[in-house]
Amino acid sequence: MRREIAWRVFADEYNDATLEVKGGGEKEPSYVITPLGAKINRVFIVGVLTDIENISEEGKMLRAHVSDPTGVFTIYSGKYQPDVTKKLSEIDTPAFVAITGKSRAFEPEKGVIYVSVRPENVCEVDEKTRNFHILETCKHTLERIEAMQEALKLSQPNVYDLQKLGYPKELCEGIINAIKHYRNIDLQRYIDLISEALNYLIPLGEELPVIEKTEMIEETPTVNEKIVPDEIENMVLEIIKDLESENGVPWDMIIEKCNEAGINKDLAEEALVSLMDKGIVFEPSLGVIKTT
Amino acid sequence: MTSNDNKEISSHIEDITKALGDKIGKEVTVDELEKQLQKFLEYGVPIQQAKKTIIRKYGSDTSAGIKRKLLKELKPSESNVNIIGRVITVNPKEIELKGEKKRIFYGMIADESTVLPFTAWRDFNIEKGQVIQVTNAYTKPWQGIPQLNFGEYTKVEPSKEEIPGTQEIKRCKVDELKSGLGSVEIVAKILSVKEKEVDVGGKKKKVYFGIIADETGKAQFTSWHDFNLKEGEVARITGGYVKSWRGIPQLTFDEKCKVEKMSSKEIKEVNIKKYRLWELVEKGGALDVEVEGNVIEIKDGSGVIVRCPQCNRVLFDGKCKIHGSVKGIYDLRAKIVLDDGTGAVNVIINRALTEKILDKNLDELKKLYDESEDKVNDLIRDTLLAKKIKVVGNALRNGFGTTILARKIDKVEIDIKEETKRLLQEVREVSTSYET
Ligand SMILES: [Zn+2]
C-alpha cells in the first residue's frame, strides 16, 4: 500500500544504472537501482525539454529528451498515458519542464540496460524552479554518497545497521543492492558530478535577484479546520447515535454504515476526526467511538 | 547510543550462539537465529531484549516444550496461542450473551514486542500489573490488529518471568511516543484538557483528555483519573502507556500512574515538529506536524465541486444519486500528493486555504467552473504542480497511507545563490574526507 517515492536523481547517475530489481507478482513494483543506491520506481525530474519526436505512425508514442547539467533523460510516453502524451506534444521546445514518472529498464542483451522514464505528470515550470531542483538533487545525491560511504565502512554492509545511522529505509535497501551489484563504485565521480551541477548555477546565480524568504499564506482562524462540511459530520454523528450501545460502537461499523449512506471512507474518517476534535465523540477504548 | 547499539548483527549472533551452546544446529540454525534477530530489530525491540528473548526461547526447557510467541508475531486469526505478558489494564464489562447476563474482562497486555488488546470471556482473576502465562488462547481481527481472546479452553496462570521493557520506566519526549510503548515517563505541558463521563462496565466514570506537548511535538492524552490537570500546567506523568488512533499517538494513564506538577519553566517552548516525509510515513501520523516537499500530483476530486443541498453528496452532471436534479451548493478543495524524495503523503487543502493559494474566492472560481470544469483544475495545476511547499497540519494514517489535513501552507523559496555556495562548501568537505 505504500506509495512509491519520487526520487531526485541526476540524469548521469540514472543512466549509469545497470541493475533492475523486478517485482515478483504482477502488482509488485520493479526498481532501477543506481550505483549510489537510489531504488527507483518513480522519479521527479526538472530540466530542459529539448526535443520531442513521434516514433509510431499514428503519433501515439512519443520519445522526448530532458536535459539537466549532467546528462539527458529519455522519456517515452504512449497511448496508455493519453493525457500526458497530449500535454507533452503541445509543449514548444526548448522549455523548462517538471516530470513525475515511472522508471523503465530495457535489456536488449544480458548486462546491457537502457533506462528511460514513462511520465505520469508533466508541466512547464520557470527557470527558478529548475534551479531550485538542481540544488535539491545535489542534496539528495550527497546524502546517497554519504550513506554509501557509511555502508562501505561496515564489515558486512546490511540494511539494519545502515538504517540505525538515520537513513531512510528505501535508501538503505537500495544501497545494499547497489553494493552487491556494482563493483568498485567510483564515489569521487559522483562528488565531481555534484560540483559540476553547482558550478552550472554560479553564473546564473550572479544574475538572480535575491528572493524574499517565504510568502506566508495562513488561514483565518474563523474557518479553522472546517474541512468537512457540517452536514456530513451531522450525518456521521446520527449514524453513531443510531448504532451505539452504552459502550459505544466499533470504528469499522461506523465506516460501513457511512458507506451505505453514501459517505465514502475518506469523508467519514475526516468527519470522525473532526467530531473528536470538537469533543462531540470520543474513544473510550481502542477502536470504539462513543458520543459524549 | 551505547556501544552495544553500534555492534553489528554478526557479533550479536555470536553472543547468542555461545549462550545456546549445543542447541545450535539441533533446535535452531544460525541462519534462523539471524532471521529472528533481524525481525525483532525491525519491530524495534532493543537489541539486548531481543537477545535475551531468543536465548530464553531456545535455551530453557521449561513450559514443557510449548513455544511461546511474541505478541507482535501474532496474526489476526490464530488459535492455540501461547504468550507471556504483563497486564497493563483490565476492566470488567457486563454483556448480554444469548439472553444471559455475563461478566467479561477486557484490557491491554504487553510483552517486549508490543501491546495488544485482550478479552477474557470468564473471570481468570487477572490483575493489573501482573505477568501472566497464557496457554491456548486465540486471536480475532480487530481494527486490523489481532485481539487476544481467553476462552473456555484457555489457561491463564501467574508467571514469575521478567518481561523486559514492560516494567522499567522509559523517559521519553513527545515525538518518541509510539503505539505499544508501556511504562513511559514524560514531562509535558498540558495544552488543553476536557472531561467526559463514560460508561465502564455499567458504571459512570469520568475521563479527562486533551493535548500534551513539549519542544519536540504534540500528542493526545487520556486520563482515567482526575489529576486536576489544568491548561498551561507542566506535569511529569509516570507509568502511562501509548496507543494510537489513526496513527496519532495517545498517552493513556490512570490512578495507578504518578502525576507530579512541575514548574512551568520545565517546558520552555512548545514546537511544531518538522518531519522528513519518510519519518512521518514510518510513524503513521502525528498531531501538528510541519513537512516540506514538492507537489507531484493533483488528485481527482480537486477543484470546484457541487454538493447536494440535502445530503451533501457530490453531484454528477447536476444530479444527486438519491435526490436527482437539485440546485447544488458549491464547494472547493485540493487533494495533492506531496513528495520530498524520501517519502510521500496525501494533503487535503480545504476551501479557505485553496482560495488563498489560488488568490481567488469561490465566487470567482465558480464562474470559471461554469465556463469549463477544467479551467479551475488547470489553475490548481498551474499554481501548485511541481512547486515546493511547506505544510502544517495533523497527519492521520488510513488505508491509503498518511494524509495531512492542511492548516497552513507556505510556498518554499530559497536564495539560490547562497544555497549554491553553501552546498559547494559542503561538497568540498565530503570530497576531502573521501580522499583521506
Ligand atoms: Zn442528495
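Accessible surface of A:Ser56, taken over heavy atoms with a 1.4 Å probe and every protein chain present, rounds to 40 Å². Considering only B:Ser223, B:Ser11, B:Ser183, give the residue with the highest GNM mean-square fluctuation for chain B, with springs between Cα atoms whenever their separation is below 10 Å. Fluctuation is largest for B:Ser11. Panel note: contact residues of the range A:134-158 (accessible area lowered by at least 40 Å² against the chain on its own; 1.4 Å probe) correspond to A:Leu135, A:Lys139, A:His140, A:Leu142, A:Gln149.
Based on C-alpha pairs under 8 angstrom that are at least 6 apart in sequence, chain B has a relative contact order of 9 percent.
At R0 = 60 Å, how high is the FRET efficiency between A:Tyr114 and A:Ile280 if r is their beta carbon distance? Nearest 0.05 is fine. Rounded to the nearest 0.05, the efficiency is 0.55. Taking 18 Å as the straight-line reach from the Cα of B:Lys189, the aspartates and glutamates in range (excluding those fewer than 8 positions away in the same chain) are B:Asp175, B:Glu176, B:Asp214, B:Glu215, B:Asp226, B:Glu231, B:Glu233, B:Asp254, B:Glu260, B:Glu266, B:Glu269, B:Asp288.
With a Förster radius of 45 Å applied to the beta-carbon distance between B:Ser325 and B:Lys205, the computed FRET efficiency rounds to 0.35. Comparing B:Glu34, B:Glu419, B:Glu371 in a Gaussian network model of chain B, where Cα atoms under 10 Å apart are tied by springs, the biggest mean-square fluctuation is seen for B:Glu419.
Looking at the range A:48-132, the GluC sites (Glu not before Pro) that sit in a DSSP loop and have at most 16 other Cβ atoms within 10 Å of their own Cβ are A:Glu57, A:Glu58, A:Glu90.
Over the residues of the protein assembly as shown, the helix contribution to mean residue ellipticity at 222 nm works out to -9000 deg cm²/dmol, using -39500 (n - 2.57) for each DSSP H run of at least 4. Projecting the Cα atoms of A:Ser116, A:Met235, A:Pro94 onto the charge dipole of chain A (Cβ charges, centred on the Cα centre) puts A:Ser116 farthest toward the positive pole.
For the protein assembly as shown, the per residue solvent-accessible surface stands at 47 Å², with DNA, RNA and ligands left out and a 1.4 Å probe. Backbone amide hydrogens, once placed in the peptide plane, bring B:Gln130 within less than 5 Å of B:Val87, excluding anything fewer than 5 places away on its chain.
Phi angles across the range A:119-132 convert, under the Karplus curve 6.51 cos²θ - 1.76 cosθ + 1.60 with θ = phi - 60°, into 3J(HN,Hα) values of x, 9, 8, 9, 8, 7, 10, 9, 5, 4, 4, 4, 5, 4 Hz, Gly and Pro given as x.
Give me the net charge of B:Lys75's neighbourhood, meaning all other residues with Cβ under 13 Å from the Cβ of B:Lys75; Lys, Arg count +1, Asp, Glu -1. Summing Lys/Arg as +1 and Asp/Glu as -1 gives +1.
Taking every lysine pair in the range A:6-125 that is 8 or more places apart or spans two chains, those with Cα atoms closer than 21 Å amount to 16. Would you please classify the overall shape of the range A:238-292 from the alpha carbon gyration tensor, given that a ≥ b ≥ c denote the square roots of the eigenvalues, rounded means a/c under 1.5, and beyond that prolate means a/b larger than b/c while oblate covers the rest? It is oblate, given that a/c is not under 1.5 and a/b is not larger than b/c.
Comparing B:Leu315, B:Val295, B:Tyr369 along the charge dipole axis of the range B:267-390, the residue lying farthest to the positive side is B:Leu315, per the Cβ-charge model.
Each part reduced to its alpha carbon centroid, the range B:325-371 and the range B:73-89 end up 46 Å apart. List the residues of the range B:125-160 whose accessible area drops by at least 30 Å² when all protein chains are present, compared with their chain alone, using a 1.4 Å probe and counting only protein heavy atoms. Residues losing area: B:Trp142, B:Gln143.
List the residues of the range A:86-124 for which accessible area in the full set of protein chains is at least 50 Å² lower than for the chain on its own; 1.4 Å probe, protein heavy atoms only. Output list: A:Asn121.
Of the trypsin sites (Lys or Arg not before Pro) found in the range A:15-81, those that fall in a DSSP loop while having at most 12 other beta-carbon atoms within 10 Å are A:Lys22, A:Lys27, A:Lys79. Available extension along the chain between B:Glu42 and B:Asn271 is 79.5 nm, counting 0.36 nm per residue and deducting the alpha carbon span. Checking the cross-link pairs B:Lys35/B:Lys178; B:Lys205/B:Lys230; B:Lys75/B:Lys218 against a 22 Å limit on the alpha carbon distance flags B:Lys35/B:Lys178; B:Lys75/B:Lys218 as lying beyond it. Database remark: amide H of B:Cys320 closer than 5 angstrom to the amide H of B:Ser325, B:Val326 (H placed geometrically; neighbours at sequence offset of 5 or more, or on other chains; Pro and chain starts carry no H).
Peptide B:420-430 shows a mean partner chain C-beta count of 6 within 10 Å per residue C-beta. With all protein chains in place and a 1.4 Å probe, the accessible surface of the protein assembly as shown carries 48 percent carbon and sulfur. Pick from A:Asp230, A:Asp12, A:Asp186 the residue whose mean-square fluctuation is largest in a GNM of chain A, springs joining Cα atoms under 10 Å. Evaluated over chain A, the most mobile residue of the options is A:Asp230.
Which entries in A:Lys265/B:Lys243; A:Lys128/B:Lys274; B:Lys160/B:Lys204 show an alpha-carbon gap greater than 27 Å? Flagged as over cut-off: B:Lys160/B:Lys204. Take the Cα of B:Ser263, step 7 Å toward its Cβ, do the same at B:Asp363, and the gap between the two points is 5.6 nm. For B:Val200, the residues 5 or more places off, or on other chains, whose built amide H falls under 5 Å of its own are B:Lys205.
Only protein heavy atoms count here, probed at 1.4 Å, and on that basis chains A and B bury about 8600 Å² of accessible area in total. In chain A, the longest principal axis of the Cα atoms and the axis of helix A:251-260 are about 90 degrees apart. Spelling out what I want: for every residue of the range B:411-426, take phi, set θ = phi - 60°, compute 6.51 cos²θ - 1.76 cosθ + 1.60 (Karplus), and round to whole Hz; glycine and proline get x. With the stated coefficients, the range B:411-426 comes to 6, 9, 10, 10, 7, 4, 5, 4, 5, 4, 4, 4, 5, 4, 4, 4 Hz.
Classify chain A from the C-alpha gyration tensor, please: rounded if a/c falls under 1.5, else prolate or oblate depending on whether a/b exceeds b/c. It comes out prolate by the Cα gyration axes.
Each DSSP beta bridge with both residues in chain A is either parallel or antiparallel, and the antiparallel ones are about 95%. If R0 equals 56 Å, the separation of the Cβ atoms of B:Ala19 and A:Glu260 corresponds to a calculated FRET efficiency of about 0.50. Each residue of the range B:135-140 is assigned a 3J(HN,Hα), and the resulting list reads 10, 6, 8, 9, 10, 10 Hz, derived from the Karplus form 6.51 cos²θ - 1.76 cosθ + 1.60 (θ = phi - 60°), x at Gly and Pro. Relative contact order of the range B:63-220: 20 percent, from C-alpha pairs under 8 Å at least 6 residues apart in sequence.
Given the C-alpha centroids of the range A:55-104 and the range B:40-54, what is the distance between them in whole angstrom? Rounded to whole Å, the Cα centres lie 49 Å apart. Only the Cβ atoms of Lys and Arg (+1) and of Asp and Glu (-1) were treated as charged; on that basis the dipole of the range B:3-58 about its Cα centre amounts to roughly 280 debye. Normalising the average separation of contacting C-alpha pairs (under 8 angstrom, six or more residues apart) by the number of residues puts the relative contact order of the range B:65-134 at 35 percent.
The values are calculated or read from the model by the stated rules, or taken from the named source; none is laboratory data. Because the structure is a prediction, the values reported are computed rather than measured. As a convention, Cβ positions derive from the backbone with ideal geometry for all residues, glycine included, and neighbour counts pool all protein chains shown. Note: areas computed on protein heavy atoms with side chains; ligands, DNA, RNA excluded. Shrake-Rupley method; radii C 1.70, N 1.55, O 1.52, S 1.80 Å.
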